[in-house]
Structures are given as structure tokens and as C-alpha cells.
Amino acid sequence: GQGELVEVVMKFTLALDLEDTLITPLFRANLYMMHPGPFHPRPGLREFLEWAMGQFEVVVCTGVPEKMSRRVLDKLVEDGHVSEAFGRVAIHLAMDARGRTRPPKRPGDLDERLKDLTRLGPVGTVLMLDDNPEGYCVPGQEAFWIKIPEIPRKMGVPTGDEDLARAREMIKRAAAQLQAGEAPLVTWGGRGLGGW
């Protein structure tokens with residue numbers, strides 16, 4: 001009715017990196033054969049994603065080619081590590097200034113691709129969880145990135161880590177700051193959100 005106040009709660013997008021954020025790294029040779037090969041989910045992945053998908057619009061934003069990314073998501077669903085709903089999320093690729101999304105062919109070649117959060121939504125409505133913001137962040141968007149350490153592993157298999165639980169708290173804090181119209185805290189290497 002007239003005179004009622006309506007609380008507007010902004011829905012944020014949470015963009016998630018794939019390699020070394022959600023799963024162990026893929027073998028580079030397999031990227032070009034389009035076969036994911038052996039990889040492991042980060043400990044606590046299913047619980048983290050169930051929470052995240054209830055709070056945010058969740059997308060994957062990665063440097064891994066799209067077909068390979070989709071195969072990884074399919075394998076995670078098939079093995080019961082993630083829900084079918086997460087297996088269907090949108091995949092956005094890192095892109096260079098000329099619009100190319102393919103990673104460099106040779107190890108050591110400069111990778112000029114970036115993850116531009118404005119492709120995912122208006123500034124201030126997208127948060128990015130990534131192990132390598134230094135390599136992919138568009139200058140000026142640092143405040144919206146949350147850095148998570150690479151997955152600790154021994155012989156390729158993740159060892160116990162609680163990093164997704166810690167990331168969840170950092171994401172909740174960042175979203176609350178944005179909802180309140182505040183700038184998120186800048187803490188990773190002098191730039192961006194979060195860090196260990």
C-alpha cells in the first residue's frame with residue numbers, strides 16, 4: 001500500500017575461477033586434446049557451492065577453454081562433487097584486448113587475457129574469487145576480487161584445507177559492504193579483497 005517502505009536487496013554475481021580455486025590444475029597437454037584428465041575438487045566444494053548458489057548468481061570465469069570447462073563441470077556433476085544446477089552455470093572466459101580467449105600455446109608465452117567483471121554485470125555488483133588476481137584482474141577492478149590460495153596438494157591430490165570456508169566469510173563481508181554502499185577492504189598485495 002501507500003507509504004510502505006520496500007527493502008531492496010541487491011543480487012550480486014559471484015564469479016568463480018576454475019583451476020586452483022575450485023579444482024586442482026589441469027594438465028596443459030590435455031587442454032588442447034579437450035580431455036580434462038585427472039583433477040580433484042577442492043575440499044568443501046559442494047557445501048561452498050550450495051551456499052553460494054543460494055546467495056548469488058554464480059558463474060564460472062576462467063582461462064580454461066569453454067569446451068574443456070564444460071567437460072570439467074560435467075565430470076564434477078557425474079562424480080557427485082557438485083549439484084546438477086552448478087553443472088549448468090554460465091561460463092565466461094578471460095579475454096585479451098582483441099577479444100581472443102585462447103590461452104598461449106607455449107609455456108612461458110605472455111598471457112594477455114583478463115577477466116573483465118563489467119562483462120558480468122555493473123561495477124560493484126560482481127565479486128570474483130580467484131587464486132591469481134594479479135594475473136587476470138582488469139586495473140581499477142581490484143576491490144571486487146577475493147584472493148584464495150592455490151589448493152594445497154601432495155602428489156597432485158588436495159590435502160585438507162579450509163580455504164573455501166574462509167572465502168565464504170570474506171565473500172559475505174564483501175557483499176555486505178557493497179550492499180551498504182561501502183567500498184570493500186583492499187588487502188591483497190595492496191589491491192583487492194581478501195587474502196591469507
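The values are calculated or read from the model by the stated rules, or taken from the named source; none is laboratory data. Because the structure is predicted, anything quoted here is derived from the model rather than measured. Quick reminder, even Gly has a Cβ in these numbers, built from the backbone with ideal geometry, and neighbours come from all protein chains shown. Keep in mind that these areas ignore ligands, DNA and RNA; they rest on the heavy atoms of the full protein, side chains included. Shrake-Rupley method; radii C 1.70, N 1.55, O 1.52, S 1.80 Å.
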Could you tell me which numbered condition Lys67 fails, if it satisfies all but one of (1) in contact (Cβ under 8 Å) with a residue 40 or more places away in the chain; (2) outside any loop (DSSP other than H, G, I, E, B); (3) more than 17 Å from Thr13 (Cα to Cα)?
(1)
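Name every residue in the stretch 131-140 that is outside any helix (DSSP H, G or I) and either open to solvent by 80 Å² or more (accessible area, probe 1.4 Å) or among the β-branched types (Val, Ile, Thr) (or both), in order of residue number.
Val138, Pro139
Consider Ala90 carefully, then state whether it is surrounded by fewer than 15 Cβ atoms within 10 Å (Cβ to Cβ), modelled with pLDDT of 95 or more and either in contact with a helix residue (DSSP H, G or I) (Cβ under 8 Å, 6 or more places away or on another chain) or more than 30 Å from Leu178 (Cα to Cα) (or both).
no
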Pair list, Cβ under 7 Å, 6 or more apart: the stretch 141-154 residue in a loop (DSSP other than H, G, I, E, B), other residue open to solvent by 50 Å² or more (accessible area, probe 1.4 Å)
Pro149/Trp196; Pro152/Thr159
Would you confirm whether any residue within the stretch 102-114 is at pLDDT 95 or above and assigned to a strand (DSSP E or B)?
yes
Check off (1) modelled with pLDDT of 80 or more; (2) not in a helix (DSSP H, G or I) for Pro36 and give me the number that stays unchecked.
(1)
Would it be correct to say that Gly194 is open to solvent by less than 80 Å² (accessible area, probe 1.4 Å) and at pLDDT below 85?
yes
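Could you please give the count of residues in the stretch 115-128 that are assigned to a loop (DSSP other than H, G, I, E, B) and in contact (Cβ under 8 Å) with a residue 40 or more places away in the chain? Quick ask: steps written out before the conclusion?
Pass one, the stretch 115-128, residues assigned to a loop (DSSP other than H, G, I, E, B): 116, 120-125.
Cutting the leftovers down to in contact (Cβ under 8 Å) with a residue 40 or more places away in the chain gives us 120-121, 124-125.
Number satisfying all stated conditions: 4.
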Any idea which residue in the stretch 109-130 is nearest to Glu142 (Cα to Cα), counting only those that are open to solvent by 20 Å² or more (accessible area, probe 1.4 Å) and touching an Asp or Glu at 6+ places or on another chain (Cβ under 8 Å)?
Leu114
Any idea how many residues of the stretch 158-185 are closer than 26 Å to Phe39 by Cβ, surrounded by 11 or more Cβ atoms within 10 Å (Cβ to Cβ) and either in contact (Cβ under 8 Å) with a residue 40 or more places away in the chain or small (Gly, Ala, Ser) (or both)?
8
Please go through the stretch 63-86 and give me each residue that is open to solvent by less than 10 Å² (accessible area, probe 1.4 Å) and either modelled with pLDDT under 95 or aromatic (Phe, Trp, Tyr) (or both), ordered by number.
Val64, Met68, Ser69, Val72, Phe86
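Give the residues of the stretch 70-101 that are acidic (Asp, Glu) and assigned to a loop (DSSP other than H, G, I, E, B), sorted by residue number. Show your work before the answer.
Kept after step one, since they are acidic (Asp, Glu), are these residues of the stretch 70-101: 74, 78-79, 84, 96.
Matches in the stretch 70-101: Asp79, Asp96.
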